[in-house]
Amino acid sequence: MAEALLLAAGLIFLAALAGLYRALRGPGAADRMMAAQLLCSGGIAALLLLAAATGLAGVVDVALVLALLGAFASVAFVLAARGLGQR
Amino acid sequence: MIFGVTGAALVALGLYGLVTQPALLRKILAFNLLGGGVFLLFGVVARRGAVADPVPQALVITGLVVAFAATALALVLVLRLFQITGAATIAEDKTPP
Amino acid sequence: MEATPGGFLLVLMLVVPVTGLLLGFALGGRLAERMALWLLPPGLAMAAVLVAGLLHAKAPVVAFVGGWAPPLGLALRADGLAAAMLLTTALIIAAIALFARADYTTAPGAPEARAPLAFWCFLLALWAALNAAFLGGDLFNLFVALEMLTFGALALACLDGKATQFKAELRYLLFALIGSVLYLLGTVLLYGAYGTLDILLLAEAARADAPTIVAASLMTVGLLGKMALFPLHLWLPAAHAGAPPAASALLSGLVVKASYVLLLRLWFWVMPAALLLAVAPILALLGAAAILFGSLVALRQARLKLLVAYSTVAQIGYLFLMFPLVAGSAAEVAERAWTGGALQAISHAFAKAAMFLAAGVIARALGHDRIAELQGAARIAPLSVLAFGLAGLSLMGIPPSGGFSAKWLLLQAALDSGQWWWALVIVAGGLLTGGYVFRVLSAAMQGRSAPIFPLAPVDAAQERVALGLAVISVLLGLLPLGAFGLVLIGR
Amino acid sequence: MSLVLDVMLALAVIGVAGWTLLVRGNFPAVIGFVAYGLLLALVWVRLGAVDVALTEAALGAGATGVLLLFAVVRLRGGKAEIDAATPSPPQRVAAAILCGVVGLGLAVAMLNLPDPAPSLAAEATRHLPLLGVGNPITGVLMAYRGLDTLLEAVVLVFAVLAIWSMAPDRRWGAIPGPLFPVQSSGPLSLLARVLPPIGIVVGIHIAWVGADAPGGKFQGGTILAAMGILAWVAGLWRLPPVASRGLRWAVVAGPLVFIGVGLLGFVIADGFLSYPPGFAKPLILLIEAAMTLSVAAAIVLMVAGPPERPA
């Protein structure tokens with residue numbers, strides 16, 4: 001069971017990496033923003049699977065923090081860029 | 001040990017960036033990449049025994065906070081330099097002030 | 001080693017300035033200045049009591065923070081070297097505080113201003129960081145202390161807010177950060193190899209294997225970068241010369257010494273003797289190059305402050321001549337070289353602080369610091385020129401002065417251990433130092449046909465502080481050599 | 001299987017690091033850096049260091065990323081200057097060789113560390129019952145190496161004051177950092193309103209569980225700071241001016257409480273930072289609570305920077 005969960009985590013991670021590669025290439029800033037988002041979502045999924053596979057305490061909290069910071073980062077990035085760009 | 005070699009590689013990469021990147025902002029970015037590598041080595045050292053050693057992990061947490069403070073301080077210096085002179089590097093001035 | 005009575009003093013030497021800084025920052029304005037000035041007497045008293053206690057007991061003072069003994073806990077240790085540096089620090093900090101009152105005072109009821117608040121807070125901050133760096137018994141704890149030191153030094157050096165300062169200090173910060181990272185890499189490897197970062201425990205365990213050798217190289221290069229030993233000195237002259245006088249005095253006199261003491265701990269405590277024997281000549285060679293190069297460049301400087309800064313590059317070199325003289329020498333010769341090295345660190349601290357303060361007074365009075373146009377300086381700021389001259393005597397190594405005793409001890413150790421070539425370097429360095437000091441003095445002493453008026457009034461209190469520091473650097477040479485047995489305690 | 005996962009992760013980290021270094025353009029580089037931080041957080045989980053993973057995700061990727069982004073948006077131009085300062089190819093080759101030697105030396109040293117590995121794990125766990133905490137890392141940070149943590153807390157105050165002291169003289173006393181207009185509509189401003197309440201709960205949770213599970217003041221404080229920054233860039237919250245006494249007490253409260261409890265040890269226990277038996281946990285929690293507040297305040301202020309608008 002643990003092996004299967006790890007395999008799933010690996011596959012999800014691989015998919016996230018492929019997305020990361022594509023999105024990092026751009027060309028726009030928004031595309032690249034997506035890259036971090038994608039990796040974040042992939043990371044959360046992989047972490048949750050890892051947590052189930054290994055039973056390590058607190059891994060779910062890491063996923064929680066990633067989810068929160070992923071949302072924070074995209075909003076803060078856009079708002080900050082907009083606010084500072086106006087000046 | 002995979003991550004031990006990864007850490008060493010990240011240190012080499014970060015150090016190279018820190019030395020060769022001309023723009024200050026990129027130097028600071030490289031410094032942070034470098035820091036990630038150094039801390040990773042702490043993690044590998046903590047992981048070598050049968051049970052994970054909490055001491056190096058605690059050192060990393062301390063180190064991460066110090067590195068963040070250093071980054072913030074360096075970026076403010078860079079911004080102030082840019083605001084006053086428009087310079088983005090610390091190349092020698094051609095004309096004395 | 002067990003914890004000893006009196007360990008609470010070591011803790012207080014960290015906690016008192018830190019608390020002062022925190023309260024000063026929170027209360028702000030004039031209270032920050034009050035806080036710093038109030039803490040000078042207790043700070044001095046603690047350092048003096050510590051030194052007296054050490055001389056009496058002839059043994060180091062040790063504290064285990066929180067009662068946790070190493071390897072799990074952290075030890076603070078004051079051996080003779082640390083105690084001597086702590087007292088030096090307390091004296092110089094007090095002098096600089098008195099000097100700076102004229103520049104950074106806040107009148108009663110006046111609104112808080114940026115520079116005074118930052119100055120007084122960071123004076124306490126640097127004091128705490130220096131104490132932490134001299135007392136720390138754990139390599140990672142010392143890393144945190146070095147970072148505190150870098151941040152504080154940087155903030156003080158940028159106090160005028162000039163673009164040239166930002167540029168010079170950014171270069172300093174980059175060197176310091178690379179230095180810290182290399183040092184940190186060394187601590188990782190040492191922890192991985194020995195499972196402790198406590199200096200004394202490492203000293204018992206250290207082997208000359210691959211991780212230790214790599215760790216030693218990385219940490220040494222990192223610390224040399226922070227100390228600006230030739231050829232890693234590129235950042236120092238602009239960073240030290242561009243800072244306000246009070247900050248320059250702290251940076252050149254004390255801050256570089258923290259890395260030096262740590263380097264001594266690394267090589268004379270932690271590392272196995274075989275490695276030390278291999279590395280010592282290389283370090284001394286770099287030191288010799290620093291002496292000759294720094295002095296020659298200082299001789300050619302057009303600006304007074306840059307001359308003083310290059311003089312630091314040269315004087316740091318002397319600190320490294322000690323390595324091959326202590327390593328592998330007979331006990332008596334090694335003791336002499338050790339005392340000489342420590343005394344050089346201390347007398348240079350006083351002399352260089354005096355020089356930077358004096359140069360600051362002269363530069364302000366004349367409105368410039370061009371050496372070729374110093375004529376009349378002796379008439380406007382006679383005490384400052386005198387302070388510069390006395391400090392110069394100590395740097396040259398002319399008897400009777402602290403610098404003389406230091407260089408004489410090193411010279412003797414060099415001859416006694418059959419390494420006469422280092423003696424040649426010491427003599428040549430002294431002659432070159434004489435050259436640049438006299439260049440300044442002869443320009444300053446020259447009369448001027450037209451009467452000269454200071455651009456800004458010369459503050460007599462500031463001049464007296466600079467003179468006081470210079471006098472201490474000279475008087476150190478009059479102390480009987482037995483008094484320096486202090487720095488041998490716990491070696 | 002886990003080996004394959006680790007190799008994949010290692011290659012991805014190195015790849016993203018290299019890309020971040022080489023990519024032209026500062027904005028993509030910062031995004032690359034955030035991705036690097038996220039990957040490192042996953043590596044930390046793989047290394048079983050969940051506390052560090054939390055710190056890396058919050059501080060390494062999140063807060064440092066925002067800090068860098070702020071700088072990127074405000075630094076413009078200078079291409080000619082940067083080109084002029086670029087090292088020549090021979091210099092770069094020399095640098096590459098030097099850095100390669102350092103990396104190689106490190107790798108050799110790491111591979112030659114003694115076996116069995118020396119470790120303080122048993123020691124650290126053995127004394128935990130005395131402290132009443134379940135997380136050994138909290139034991140290290142708050143007891144065994146408490147002085148490190150105290151000095152580190154003071155470093156944060158140093159950094160805030162150092163950053164403020166870079167301000168132009170005439171701006172002293174004013175509000176730190178740029179002022180952001182209120183974003184009154186749109187999905188982003190909605191998110192900026194919805195996220196902070198959730199984030200504050202999560203931040204307090206992470207700080208609170210730190211005594212017994214992964215988490216603690218630095219991780220929790222960073223999350224609280226992130227929520228503050230979000231409200232600030234959305235124009236929903238105005239930072240207090242640097243002259244504000246309340247703000248300053250918030251920054252120094254943590255270290256002061258830490259020192260106060262430490263000094264109390266002289267009176268009621270075996271000396272500085274020593275906890276009396278039975279009271280260790282409440283005292284540790286007290287310090288953690290004050291430190292969470294101060295860490296959050298300090299991080300917001302470090303991201304905001306020195307005051308730059310008229311008072």
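The values are calculated or read from the model by the stated rules, or taken from the named source; none is laboratory data. No experiment lies behind these values; they were computed from the predicted model shown. Cβ atoms come from the backbone with ideal geometry, glycine included; neighbour counts cover every protein chain shown.
Points worth noting:
- Test: residue in region C:277-292 that is crowded, with 24+ Cβ neighbours inside 10 Å, within 21 Å of C:Gly477 (Cα to Cα) and out of contact with any Lys or Arg (no Cβ under 6 Å at 6 or more places or on another chain): no
- Output for region A:47-69, where each listed residue is within 7 Å of chain D (Cβ to nearest Cβ) and within 24 Å of D:Ser2 (Cα to Cα): A:Leu47, A:Leu50, A:Leu56, A:Ala57, A:Gly58, A:Val59, A:Asp61, A:Val62, A:Leu64, A:Val65, A:Leu66
- Qualifying helices (runs of 4 or more DSSP H) (wholly inside chain A; at least 2 residues being within 24 Å of D:Gly32 (Cβ to Cβ) and touching a Cys at 6+ places or on another chain (Cβ under 7 Å)): A:59-85
- Every condition in (1) touching a Ser or Thr at 6+ places or on another chain (Cβ under 7 Å); (2) within 9 Å of chain D (Cβ to nearest Cβ); (3) at pLDDT 80 or above holds for A:Leu20 except the one numbered (1).
- Entry remark, region C:426-473: residues being under 22 Å from the mean Cα position of the chain (by Cα) and among the aromatic types (Phe, Trp, Tyr) number 1 in total.
- Annotation note: Cβ proximity below 9 Å between a residue of region C:1-28 that is outside the structural domain of C:Glu112 (by TED's automatic domain parsing) and a residue that is at pLDDT below 95 and surrounded by fewer than 20 Cβ atoms within 10 Å (Cβ to Cβ) (sequence gap 6+ or interchain) occurs for no pair.
- Residue selected from region B:42-69 under the condition at the interface with chain D (Cβ under 7 Å from one of its Cβ atoms) and part of a loop (DSSP other than H, G, I, E, B), by the criterion farthest from the chain's Cα centre (by Cα): B:Val51
- Matching entry among D:Val157, D:Val182 (being closer than 30 Å to D:Ala280 by Cα and either at the interface with another protein chain (Cβ under 8 Å from one of its Cβ atoms) or surrounded by fewer than 24 Cβ atoms within 10 Å (Cβ to Cβ) (or both)): D:Val157
- Among the conditions (1) surrounded by 20 or more Cβ atoms within 10 Å (Cβ to Cβ); (2) at the interface with another protein chain (Cβ under 9 Å from one of its Cβ atoms); (3) over 30 Å from D:Phe272 (Cβ atoms), D:His205 misses just one, which is (1).
- For D:Met166, the conditions (1) within 7 Å of another protein chain (Cβ to nearest Cβ); (2) assigned to a helix (DSSP H, G or I) all hold with the exception of (2).
- Any hit, region D:31-43, residues being in a helix (DSSP H, G or I), buried (at least 24 other Cβ atoms within 10 Å of the Cβ), at the interface with chain B (Cβ under 7 Å from one of its Cβ atoms) and among the small types (Gly, Ala, Ser): no
- The set of residues in region C:22-38 that are crowded, with 19+ Cβ neighbours inside 10 Å and either touching a strand residue (DSSP E or B) at 6+ places or on another chain (Cβ under 7 Å) or away from chain D (no Cβ under 14 Å) (or both) contains only C:Glu33.
- The set of residues in region C:54-105 that are of a type in the set (Phe, Trp, Tyr) and part of a loop (DSSP other than H, G, I, E, B) comprises C:Trp68, C:Tyr104.
- In region D:123-140, the residues that are without any contact (Cβ under 8 Å) to a residue 12 or more places away in the chain and either assigned to a loop (DSSP other than H, G, I, E, B) or at the interface with another protein chain (Cβ under 7 Å from one of its Cβ atoms) (or both): D:Glu123
- Helices (runs of 4 or more DSSP H) (entirely within region C:146-255) containing at least 1 residues that are closer than 27 Å to B:Leu25 by Cα: C:163-194, C:210-227, C:236-242, C:245-250
- Among the residues listed as D:Leu106, D:Leu113, D:Leu22, D:Leu42, the single one being touching a residue at least 12 places away in the same chain (Cβ under 8 Å) and of a type outside the set (Val, Ile, Thr): D:Leu42
- Any hit, region D:76-88, residues being assigned to a helix (DSSP H, G or I), modelled with pLDDT under 95, touching a helix residue (DSSP H, G or I) at 6+ places or on another chain (Cβ under 7 Å) and acidic (Asp, Glu): no
- The set of residues from region C:465-483 being more than 10 Å from C:Ser347 (Cα to Cα), among the small types (Gly, Ala, Ser) and in contact (Cβ under 8 Å) with a residue 40 or more places away in the chain comprises C:Ala466, C:Gly468.
- With respect to the stated conditions, D:Ala143 fails to be touching a helix residue (DSSP H, G or I) at 6+ places or on another chain (Cβ under 6 Å), of a type in the set (Gly, Ala, Ser), part of a helix (DSSP H, G or I) and surrounded by fewer than 24 Cβ atoms within 10 Å (Cβ to Cβ).
- Close contacts from region C:111-137, counting a first residue that is surrounded by 24 or more Cβ atoms within 10 Å (Cβ to Cβ) and a second that is among the hydroxyl-bearing types (Ser, Thr, Tyr), with Cβ to Cβ under 7 Å and a gap of 6+ residues or different chains, come to C:Ala118/D:Ser165; C:Phe119/C:Tyr104; C:Trp120/C:Tyr104; C:Trp127/C:Thr89; C:Leu130/C:Thr89; C:Asn131/C:Thr89.
- Test: residue in region C:466-479 that is more than 22 Å from C:Leu91 (Cβ to Cβ) and assigned to a helix (DSSP H, G or I): no
- Matching residues in region B:13-41 - criterion: being at the interface with chain D (Cβ under 8 Å from one of its Cβ atoms) and without any contact (Cβ under 8 Å) to a residue 24 or more places away in the chain: B:Gly14, B:Leu15, B:Tyr16, B:Gly17, B:Val19, B:Thr20, B:Gln21, B:Arg26, B:Leu29, B:Ala30, B:Leu33
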